[in-house]
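The structure appears below as structure tokens.
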Amino acid sequence: MSNLSYVDAENGAWQTFLAQIDRVAPYLSGDLQEYIDTLKRPKRALIVDLPIVMDDGSIQHFEGYRVQHNLSRGPGKGGIRYHPNVELSEVMALSAWMTIKTAVLNLPFGGAKGGVRVDPRKLSTRELERLTRRYTSEIAHIIGPQKDIPAPDVGTNANVMGWIMDTYSSAQGHTVTGVVTGKPVHLGGSLGRVKATGRGVYVTGYEAAKKINLKVDGAKVSVQGFGNVGSEAANLFYASNAKIVCIQDHTGTILNEAGIDVPSLNAYVEKNQGVLGFDGAAQIDNEHFWDVETDILIPAALESQITVDRARRLTAKMILEGANGPTYPAADDILIERGITIVPDVICNAGGVTVSYFEWVQDFASYFWSEEEINERLDRLMVQAVEDVWSCATQNKCTLRTAAYILACERILKARKERGIFPG
Ligand code: GLU
């Protein structure tokens, strides 16, 4: 499927993305289909070596990436991931999903993503800062408020964004808040940004539940990942009287069929950095997570989680993709066959980048909105996205994922076509 000389991953996230593009192609008009190859290769991919002086005086090398998948609709946008398994083809896929995501939400951005292969839990704060500053200086020539705007992703947070903003600004000679989003609020960040992705998962999930007549009140919910996204989604479902029965994170899996007390769990995780050992639930085997009886399943960790085997076993009526790319295309087919509704990642987790867009706008205007205003605008855009995707799916008799890709690819490829191919 991929004829790129520098990609050899056969079954990874990039292959998933290519398969998703192949699925949408037949739905596009002939004049747009002509440009579809534009989506099957990133516009630009930068690989950087990051030599870092560790606290013990030794030097360690880390590999970093920034990939700009498509810039037809505006500057690149997308997070930076710090994770031990980060590799080029994964960052390519994540950048491509950003292209689709910003287009479905009609945000004026293209898609980009960055990453460093590192386990941030194994670094001291000083080492993490040195790594972040070196990474920023190595990618500084391709990022900027009008070029490509990074943000947090798995393993990074507001502090990391603050260091990126400071390093970039030092080189420019003045403060450039708009170079990253997801910054600390007092450094030009936006209220509501931290919780925005989880909030979007809840809002899109709630809308989709109404459409399939699934009552959130009393529904059983299982969540994979209890970081920024999973924990906020769990909080909001809990506040709506759903029963959070099962949670899995990097430390293990916990189950309480009567419903986990999420506020107590939050306090526990704050202290213990993981869900394992929480006394309000029992520990179960990690693989058993996929068999637990549940109405709503929220994969909110990493890509490539729902395999064919797990798709056959899981009991949920609805899947909310809080993570990027959690479902393999072949597993998608099984879930569809089984009548399970999937709210795809490109709308389900788009709350984060939507409030990132608000942050970028606020930074330009140097005028900041209240949290209420932000949440109200976020909810409106997310509800509209579900409506648009739902009616596109009904019209084309296709899945929500394909419908989201139809809307996005039409916008992206129309921009590509209208801009024309240089030098013509
Ligand atoms: N990393 C997040 C995502 O995958 C947010 C990206 C952003 O805010 O630019 O959507």
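Observations
- With respect to the stated conditions, R199 is among the charged types (D, E, K, R), under 21 Å from the mean Cα position of the chain (by Cα) and open to solvent by 30 Å² or more (accessible area, probe 1.4 Å).
- Checklist (1) open to solvent by less than 60 Å² (accessible area, probe 1.4 Å); (2) without any contact (Cβ under 8 Å) to a residue 60 or more places away in the chain applied to E303, failing item: (2)
- Boolean, H186 is free of Cβ contacts under 8 Å to residues at least 40 places away in the same chain, open to solvent by 20 Å² or more (accessible area, probe 1.4 Å), outside any helix (DSSP H, G or I) and more than 27 Å from V346 (Cβ to Cβ): no
- Taking the listed residues I47, I80, the one that is touching a strand residue (DSSP E or B) at 6+ places or on another chain (Cβ under 6 Å), at pLDDT 95 or above and surrounded by fewer than 17 Cβ atoms within 10 Å (Cβ to Cβ) is I47, with no other qualifying.
- Selection count, the stretch 79-101, where residues are within 12 Å of the ligand (Cβ to nearest atom) and in contact with a His (Cβ under 8 Å, 6 or more places away or on another chain): 4
- Residues of the stretch 210-229 satisfying the condition of being farther than 26 Å from G114 by Cα and crowded, with 24+ Cβ neighbours inside 10 Å: V221, S222
- Here N235 does not fit the description of being among the polar types (S, T, N, Q) and over 19 Å from the mean Cα position of the chain (by Cα).
- Considering G57, G74, the condition of being more than 16 Å from the ligand (Cβ to nearest atom), of a type in the set (G, A, S) and without any contact (Cβ under 8 Å) to a residue 40 or more places away in the chain is satisfied by G57 alone.
- Within the stretch 164-182, residues that are within 29 Å of V229 (Cα to Cα) and at pLDDT 95 or above have Cβ atoms under 6 Å from residues that are among the basic types (K, R) and within 16 Å of the ligand (Cβ to nearest atom) in these pairs: M165/K183; G182/R193, counting only partners at least 6 apart in sequence or on another chain.
- Only helices (runs of 4 or more DSSP H) whose full extent lies in the stretch 266-360 are considered here, and the ones with at least 1 residues that are within 21 Å of L105 (Cβ to Cβ) are 345-348.
- With respect to being of a type in the set (S, T, N, Q), closer than 22 Å to T251 by Cβ, touching a strand residue (DSSP E or B) at 6+ places or on another chain (Cβ under 6 Å) and outside any helix (DSSP H, G or I), T181 falls outside the description.
- Of the residues contained in the stretch 125-134, one or more are found to be open to solvent by less than 10 Å² (accessible area, probe 1.4 Å), of a type outside the set (F, W, Y) and within 16 Å of the ligand (Cβ to nearest atom).
- Filtering the stretch 386-402 for residues that are away from the ligand (no atom under 16 Å from the Cβ), at pLDDT 95 or above, open to solvent by 60 Å² or more (accessible area, probe 1.4 Å) and outside any helix (DSSP H, G or I) leaves a non-empty set.
- Residues of the stretch 245-268 that turn out to be surrounded by 15 or more Cβ atoms within 10 Å (Cβ to Cβ), hydrophobic (A, V, I, L, M, F, W, C) and over 22 Å from the mean Cα position of the chain (by Cα), as a count: 6
- Residue tally, condition away from the ligand (no atom under 16 Å from the Cβ) and closer than 15 Å to A234 by Cβ, over the stretch 181-222: 7
The values are calculated or read from the model by the stated rules, or taken from the named source; none is laboratory data. Nothing here was measured: the structure is a model prediction, and the numbers come from that model. Ideal geometry is used to build each Cβ from the backbone, glycine not excepted, and the neighbour counts take in all protein chains shown. Accessible surface is based on the protein model in full, side chains and every heavy atom, while ligands, DNA and RNA are left aside. Shrake-Rupley method; radii C 1.70, N 1.55, O 1.52, S 1.80 Å.
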